[in-house]
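Visitor: Attaching a single structure in structure tokens format; questions to follow.
The values are calculated or read from the model by the stated rules, or taken from the named source; none is laboratory data. Remember, predicted model here, so these are calculated numbers, not experimental data. Counting neighbours? That spans all protein chains shown, and the Cβs are built from the backbone with ideal geometry, glycine included.
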Amino acid sequence: MIIRYKVRKLACAIAAFGFYFAAAHWLQATYTPNPYFAFGPDVPGEKIRLVPPFAQFEGSKFAVAKERYNLFDELADSEDNNTQSTIELYENNTRLGPAHSNHPDIAHLGGGRFSHWRKNGTTVYWSSSDNTNPMTNGRAYWVVRPPQSGKH
């Protein structure tokens, strides 16, 4: 009886071991990484990926904010000039907009509106294109400085 139990236990362990490696091989063979997470949108310009976590913006379910040092600070909109920024915001390979949107519209209307703003640091405020939660929708968000905006 004890020998039969040990054989059954060993057989289960070997089966589990085999299943684990078969599943790992299948996952490795079929995995295709999302290029948007590694390389960004297929557009010219300098790209910076906005990496989670994002801050929920004004209680919205689809608008978030990300403060980041050196986020094209010299281009950011400010109270003195609220249309200065030339950056573009991409959700995977889809350009979002309109840019320079006012913050209540970003939080309450969404639809891809965004703002690149400087006040006590540089922050991008944005909403997803389809008003899903950017923290959980599985998309990559990229700030892109177009080539012509590099020099003033």
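Visitor: Kindly indicate the residue of the range 54-87 that is of a type in the set (Asp, Glu) and under 18 Å from ASN102 (Cβ atoms) and also surrounded by the most Cβ atoms within 10 Å (Cβ to Cβ) among those meeting that condition. Please lay out each step first, then the result.
Guide: Going residue by residue through the range 54-87, those that are of a type in the set (Asp, Glu) are 58, 67, 73-74, 77, 79-80.
Add one more test, that the residue is under 18 Å from ASN102 (Cβ atoms), and what stays is 58, 77, 79-80.
Numbers: GLU58: 12, ASP77: 19, GLU79: 8, ASP80: 7.
Only one residue fits best here, namely ASP77.
Visitor: Condition first: within 20 Å of GLU79 (Cα to Cα) and touching a Leu at 6+ places or on another chain (Cβ under 9 Å). Can you find one or more residues in the range 127-142 that meet it? Before the answer, list the steps.
Guide: From the range 127-142, those within 20 Å of GLU79 (Cα to Cα) are none; that's our starting set.
No: the range 127-142 contains no residue that is within 20 Å of GLU79 (Cα to Cα) and touching a Leu at 6+ places or on another chain (Cβ under 9 Å).
Visitor: Could you tell me whether any residue of the range 54-63 is assigned by TED's automatic domain parsing to the domain that holds TYR141, closer than 20 Å to THR136 by Cβ, of a type in the set (Gly, Ala, Ser) and part of a strand (DSSP E or B)?
Guide: Residues of the range 54-63 assigned by TED's automatic domain parsing to the domain that holds TYR141: 54-63.
Still in the running and closer than 20 Å to THR136 by Cβ: 54-63.
Now drop any that are not of a type in the set (Gly, Ala, Ser), which leaves 55, 59-60, 63.
Imposing the further condition that a residue be part of a strand (DSSP E or B) reduces the set to 55, 63.
Yes: one or more hits.
Visitor: Looking at (1) surrounded by 14 or more Cβ atoms within 10 Å (Cβ to Cβ); (2) within 12 Å of the chain's Cα centre (by Cα); (3) not in a helix (DSSP H, G or I), which one does TYR36 not meet, given that it meets all the others?
Guide: The single condition TYR36 does not satisfy is (3).
Visitor: Taking the condition among the charged types (D, E, K, R) and more than 11 Å from TYR125 (Cα to Cα), does LYS47 pass?
Guide: Working: among the charged types (D, E, K, R): yes; more than 11 Å from TYR125 (Cα to Cα): yes.
Taking the combined requirement at face value, the residue satisfies it.
Visitor: Could you list, in sequence order, all residues of the range 1-33 that are under 30 Å from TYR141 (Cα atoms), of a type in the set (Val, Ile, Thr) and in a helix (DSSP H, G or I)? Before the answer, list the steps.
Guide: Narrowing the range 1-33 to residues under 30 Å from TYR141 (Cα atoms): 24, 26-33.
Narrowing further to those that are of a type in the set (Val, Ile, Thr): 30, 32.
Residue satisfying the conditions is THR30 alone.
Visitor: Return yes when TYR69 is among the hydroxyl-bearing types (Ser, Thr, Tyr) and touching a Pro at 6+ places or on another chain (Cβ under 6 Å) and no when it is not.
Guide: Details: among the hydroxyl-bearing types (Ser, Thr, Tyr): yes; touching a Pro at 6+ places or on another chain (Cβ under 6 Å): no.
The answer is no for TYR69.
Visitor: Scan the range 55-70 and give yes if some residue there is among the acidic types (Asp, Glu) and modelled with pLDDT of 95 or more, otherwise no.
Guide: No, that holds for no residue.
Visitor: Now for a different question. Are there any pairs, at least 6 apart or on different chains, whose C-beta atoms fall under 7 Å, with the first in the range 78-106 and more than 24 Å from PRO44 (Cβ to Cβ) and the second of a type in the set (Lys, Arg) and not in a loop (DSSP other than H, G, I, E, B), and if so, which?
Guide: Final answer for the pair search is SER78/ARG118.
Visitor: Additional query: Can you name the number of the only condition in (1) among the aliphatic types (A, V, I, L, M); (2) in contact with a strand residue (DSSP E or B) (Cβ under 9 Å, 6 or more places away or on another chain); (3) part of a helix (DSSP H, G or I) that LEU71 fails?
Guide: Failing condition for LEU71: (3).
Visitor: Among the numbered conditions (1) without any contact (Cβ under 8 Å) to a residue 40 or more places away in the chain; (2) more than 11 Å from the chain's Cα centre (by Cα); (3) under 17 Å from HIS116 (Cβ atoms), tell me where ASP73 comes up short.
Guide: Single failed check for ASP73: (1).
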